[in-house]
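Data block below; observations after.
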């Protein structure tokens, strides 16, 4: 619904033909009102279109407009030759965070082997795909896994995540819950980052779980097949001998 | 820098097209994970002054959990007596027994007397679903405004 309103606002903004970033931005802004905030306008590297990035409450959205801002395309652009989803690639670039900015002090961290491949995961104990993803990762060696407990999928996730954090052995308590459905028994009153992690996730627009990050800061959504994840992990952290 | 005319424009415009084309065109991994509003598209209409039918069109490859729906008035009062149709049973050794919906679900929501007296009602609908590609969305809250036919006054 919000998008529909926005689209009409953008259509309404159509004005005289000019066609550089600044004029496209002006044309859009005059029609946008309070519907959203333009973060950037730049010439897209294809089809004479301009890419418009809007910042919404749940993250950034990419639209494309022509040089006159007379039409808006809300969709995804594929390179027909290679099949690459260019919109998704750009989205990933925009969603990139620096690894250093992740609140890893709030993570439940386990290291296997040399720990050279690094991953940080926003994970909910009631998300079946988070379970599958972590089970797959458990098969990989030479990896450091930072679990950021993101208690968002079910109301009981909050209590469970807090109890895990308040446990003596957090890694064991988390894995018991994730892999064996053993409820953590620790009281939930200890100082814990669970609410702060919910805020963090919302701020960066993590609207699904698992959402995960590589050391390069690239963000991914979903339990990818393990071979794919392994390939990405290797590319992000080349083997050191 | 110019890719010469080899660009396929896939319009998944939420506001323009009936079916999100990107859902069918899953090229590569994570090929266009839909925004939750596009994966679970809500609409609603009044069946009579006291009943609203909420409909979700669910994109292919996505599903919603039956026990995760809740309905409230615009002011936040939770509505009881909602008729959730039977879903497809999903038996997970781990997470237990649930029911899910795919494609389309229509849910009848009774409108309380106070709201039924006005010309329209705002419904806050909370739902939660996942995509087969391996993600679950955070609970989604959507508000729909439904025009109500006027009840005959006594």
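The values are calculated or read from the model by the stated rules, or taken from the named source; none is laboratory data. What you see is a predicted model, and the numbers here were worked out from it, not measured in a lab. Quick reminder, even Gly has a Cβ in these numbers, built from the backbone with ideal geometry, and neighbours come from all protein chains shown.
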Fill in the blank from the handout: Residue hits (region B:85-94; surrounded by 15 or more Cβ atoms within 10 Å (Cβ to Cβ) and part of a loop (DSSP other than H, G, I, E, B)) are B:87
Handout entry: Check on residue A:183, farther than 25 Å from residue A:233 by Cβ, within 14 Å of chain B (Cβ to nearest Cβ), over 20 Å from the mean Cα position of the chain (by Cα) and touching a residue at least 24 places away in the same chain (Cβ under 8 Å)
Key = no
Exercise for the section: Of the numbered conditions (1) in a strand (DSSP E or B); (2) more than 30 Å from residue A:182 (Cα to Cα); (3) modelled with pLDDT under 95, residue B:152 fails exactly one; give the number of that condition. Expected result: (1)
Exercise for the section: Report yes if residue B:97 is surrounded by 16 or more Cβ atoms within 10 Å (Cβ to Cβ), more than 15 Å from residue B:80 (Cβ to Cβ) and out of contact with any helix residue (DSSP H, G or I) (no Cβ under 9 Å at 6 or more places or on another chain), otherwise no. Expected result: no
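Condition check ((1) at negative phi; (2) surrounded by 14 or more Cβ atoms within 10 Å (Cβ to Cβ); (3) touching a residue at least 24 places away in the same chain (Cβ under 8 Å); (4) facing chain B (nearest Cβ under 9 Å)) across all residues:
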| residue | (1), (2), (3), (4) |
| --- | --- |
| A:46 | yes, yes, yes, yes |
| A:62 | yes, yes, yes, no |
| A:66 | yes, yes, no, no |
| A:73 | yes, yes, yes, yes |
| A:82 | yes, no, no, yes |
| A:95 | yes, yes, yes, no |
| A:99 | yes, yes, yes, no |
| A:108 | yes, yes, yes, no |
| A:112 | yes, yes, yes, no |
Exercise for the section: May I ask you to say which residue of B:121, B:109 is over 28 Å from residue A:130 (Cβ atoms), in contact with a helix residue (DSSP H, G or I) (Cβ under 6 Å, 6 or more places away or on another chain) and part of a strand (DSSP E or B)? Expected result: B:121
Handout entry: So residue A:197, is it within 11 Å of chain B (Cβ to nearest Cβ) and either closer than 30 Å to residue B:39 by Cα or not in a helix (DSSP H, G or I) (or both)
Key = no
Handout entry: residue A:147, sole failed condition from (1) more than 23 Å from residue B:93 (Cβ to Cβ); (2) within 22 Å of the chain's Cα centre (by Cα); (3) away from every other protein chain (no Cβ under 14 Å)
Key = (1)
Practice task
Report yes if residue B:137 is crowded, with 18+ Cβ neighbours inside 10 Å and within 11 Å of chain A (Cβ to nearest Cβ), otherwise no.
Solution key: yes
